[in-house]
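Structure below; questions to follow.
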Amino acid sequence: MSVAELQKTIRGLNAGDRKALATIATRMKQRHAPARRRKLTAAMRAMDAGEKFTWDEVKKLRAERRKASAE
């Protein structure tokens with residue numbers, strides 16, 4: 001499929017589908033970003049060095065992030 005065909009197909013989508021496609025594209029772009037890889041590498045090194053979280057700590061942090069994003 002050429003870029004022109006892809007653009008035509010995207011233009012034919014409804015607004016909700018275009019938004020979903022944009023979200024997927026953004027996540028894919030972020031997933032392969034060098035900064036994300038460096039951050040994950042640093043996190044893995046820290047975990048290998050013994051810096052780990054308990055399940056209760058994880059649940060607490062996730063709840064805090066959900067609350068912050070809802071505000």
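The values are calculated or read from the model by the stated rules, or taken from the named source; none is laboratory data. It should be emphasised that the depicted structure is a prediction, and the values quoted were computed from it without experimental measurement. Accessible surface is based on the protein model in full, side chains and every heavy atom, while ligands, DNA and RNA are left aside. Shrake-Rupley method; radii C 1.70, N 1.55, O 1.52, S 1.80 Å.
Of the residues in the stretch 1-58, how many are over 23 Å from the mean Cα position of the chain (by Cα), of a type in the set (S, T, N, Q) and open to solvent by 80 Å² or more (accessible area, probe 1.4 Å)?
2
Please go through (1) open to solvent by 80 Å² or more (accessible area, probe 1.4 Å); (2) among the aliphatic types (A, V, I, L, M); (3) at pLDDT 90 or above for Ala70 and return the number of the only condition it doesn't satisfy.
(3)
If you go through the stretch 7-41, how many residues are of a type in the set (Asp, Glu) and not in a helix (DSSP H, G or I)?
Going through the stretch 7-41 one residue at a time, the tally reaches 0.
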